[in-house]
1. Under 18 Å from a point 7 Å along the Cα-to-Cβ line of Ala299: which residues of segment 334-361 have their amide N that close?
2. Rounded to the nearest Å, what's the spacing between the alpha carbon centres of segment 173-200 and segment 244-259? Just the number, please.
3. Where nothing but the Cβ of Lys and Arg (+1) and of Asp and Glu (-1) is charged, how large is the charge dipole of segment 201-337 around its Cα centre, in debye to the nearest 20?
4. With the Cα gyration tensor of segment 106-217 giving a ≥ b ≥ c as the square roots of its eigenvalues, does the rule (a/c under 1.5 for rounded; else a/b larger than b/c for prolate; else oblate) give rounded, prolate or oblate?
5. Whole-Å semi-axes of the chain's equivalent ellipsoid, largest first, each the root of 5 times a Cα gyration tensor eigenvalue?
6. Work out the FRET efficiency for Glu186 and Tyr283 from their Cβ-Cβ distance, taking R0 = 30 Å, and round it to the nearest 0.05.
7. R0 = 25 Å: FRET efficiency of Lys308 with Leu391, Cβ-based, nearest 0.05?
8. Can you compute the label reach from Gln43? Point 7 Å from Cα along the Cβ direction, backbone N cut-off under 19 Å, restricted to segment 339-380.
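None of the figures in this text is laboratory data; all of them are computed from the coordinates on show. Source: prediction; values computed, not measured. For neighbour counting, all protein chains shown are included, and Cβ atoms are generated from backbone atoms with ideal geometry for every residue, glycine included.
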Amino acid sequence: MEFYLNNGKMLDKNKDEVLKLKKTILITTLLCSLIASKEIEYQGEISSEFIVMQHDLDKTRDKEIALRLDIKAKYQIDEDKKVVARVQGIGDIGDEERRYIDVSELYFEHRFPNSAFLIGKNIRSWEAMEFYNHTDNFNTKNWLDDPFDFDSKLGALNFSYNYFLDDASLCVIAKLYENGQKVQDERSSNRFAPLKYSNALETSQDRSSPTLYLKYTPKAKDNIDYSLILEHGYDEQRYLVPVNRRDINGSLKQHSYIVDKLMGYGTLKRGNTIYKSELALTYSEDSNVAHYSQASLGAEHTLHKFYKEMDIGGLVEYYKYKAFQKDKYNAKSFNKLFDDDLVLGMRVSQNDKYNSELLTGVMIDRHNSEKVYFAEYDTQINDKYKIGVDLQHLAPHKGSFFRDVDRIRVELGYYF
């Protein structure tokens, strides 16, 4: 399929659309071929998403409808070798930016008696807290998805070597490419970038300069489970700079910079209570960005079989971001949502065969008492159908840039 002008030259916009279409066809064909193979194990879901918002924001949509796709496949070559692929996609009716299919994971893993080697593109989770994880910074956040879903990430190209000791594991990881972040269109309520925003990414070194991690994880003992991580490379934070340095009123793009970081996360279980913590200390090599620390502490206490088979748990978590230089970029400069915040929540687990669960609570900014109220309910029907309902209410402080926003999200899905 081709689109031409009268002089035979292809329109750039149409050319991009053709390339996007060809990529989609290629990915879909590959995925169907994998699923058709009897030697491939796969699972996934397809769902529809409906969002309704009440607000007084100018030129902003109050409804969103989208289709979602998430398929993960595994080919077990032999007992020690496997290939894993994951394809995710969104088709938003009203937002052209949210129409894509992406291979978020595609990697080869080989396990040896005392070690394991991985190469390819994958997603890792480094976390202990329930609501926000500042140590979970290996993957770049996917801004085209729900910004309140911190598990939505872009796959990272990397290789790793994990060595298993008698009572611990030591993993060396090299991330090989720094992802850019596309944003939703200007009429989306989830667009938190300037109107003149470019998807281009500027880096202080070559974009393919590796970010190195050293991760140490002892085996869980006495109900204590934790990991320590050293990082040298690109930080998760980025600041905006002009695309054209001579035009300060032009488009803005992200700038990524180098840091040295020490991180740790862990949990401690005592009876019916789980204590959680995440800590990070960052030394910035960029003259514009302050050195900073992040810390979070939390606890979750569960009353088992509070009513019949139902469990009820109370959660409390506190997050703190501290910059060590006042005249440089800090949490407010990066629009950090969790810089000095208290979260109070409750979890109700029905412990039925449908994994029905309700999570509700409030997030309070200790600086200005700004609040976000939320409730999330998820359940299944006959192990094949998924129902999810999310409610959010933003109550900003007087004079805030934000306005009152009420948001209801409903997701209906099918597992296969």
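1. Only 342-347 pass the distance filter.
2. First find each Cα centre; the distance between them is then 13 Å.
3. It comes to approximately 240 debye.
4. Details: a/c = 2.71, a/b = 1.85, b/c = 1.47.
The shape class here is prolate.
5. In descending order the semi-axes read 32, 29, 27 Å.
6. Computed FRET efficiency for Glu186 and Tyr283: 0.25.
7. Once rounded, the FRET efficiency stands at 0.45.
8. Within reach of a label on Gln43, which here means backbone N under 19 Å from a point 7 Å along Cα→Cβ, segment 339-380 contributes 351-357, 378-380.
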